[in-house]
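One structure below.
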Amino acid sequence: MYRRYRKGVFGITYSTKPLRYLLLHRELHWKGWEFTKGGKKAREKLEKTCRREIKEETGLKIKKIKRLPFQGKFNYNKKAEQEWKAKGFEYVLFACQVKKDRVKIDKKEHNDYKWCNYSQAMKLLRWPNQKKCLKIVNSFIKQNFKKHKN
C-alpha cells in the first residue's frame, strides 16, 4: 500500500468563438471522457507540466494559461497504483485557451476527442472532480469575457 500521491495538473483546454471544451476519450487504466492531465517531472514548474501535457496529448499549443485557485486529488485503481507506485494523483487546476485546431491524440492513452459546449461536456464527464473543475473553469471564462466586453 502506497501513501504518497503523484503531483500533477488538470489542464482544461478550451477555444472561444464559440466556447468549446476539449474532451479526450481515455483508453488506458479506465474508459471514459476526461480533460488533459499529467504528472509533474522532477523540478518542473506546474505551468510547464500543463503546457507539456497538452502538447503531448493533443498536439495543441496554448495561447493563454491561467492557474486557478483549486486543487484536488483522487485515488488510483490497484493497477495504476502499482504502475505509478503511488496511492493516487494530486492536481492543480489550469484553464488553457488554444486555437481550435486539428487534435493529434496520443494513441497510448486516448482513442478519440470531442470539442463540446459546457452542457455536452458535463454529460460526458464521469467523475465528480472533473465536473467540479469544469464548473470552476467555465465560471472563470464567463467572468473574463464580461470584463473584456465592458
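The values are calculated or read from the model by the stated rules, or taken from the named source; none is laboratory data. Computed from a prediction, not measured in an experiment: that's the story for all the values here. So basically every Cβ, Gly included, is an ideal-geometry build from the backbone, and we count neighbours across all protein chains shown.
What do you reckon, is Lys123 exposed (fewer than 15 other Cβ atoms within 10 Å of the Cβ), closer than 20 Å to Ile141 by Cβ and out of contact with any Ser or Thr (no Cβ under 9 Å at 6 or more places or on another chain)?
On the way: exposed (fewer than 15 other Cβ atoms within 10 Å of the Cβ): yes; closer than 20 Å to Ile141 by Cβ: yes; out of contact with any Ser or Thr (no Cβ under 9 Å at 6 or more places or on another chain): yes.
Spelling it out, Lys123 is indeed exposed (fewer than 15 other Cβ atoms within 10 Å of the Cβ), closer than 20 Å to Ile141 by Cβ and out of contact with any Ser or Thr (no Cβ under 9 Å at 6 or more places or on another chain).
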Subset of region 56-96 that is more than 12 Å from the chain's Cα centre (by Cα) and assigned to a helix (DSSP H, G or I) - its residue that is surrounded by the fewest Cβ atoms within 10 Å (Cβ to Cβ): Lys78
Condition met for Thr36 (modelled with pLDDT under 95 and closer than 15 Å to Ala95 by Cβ): yes
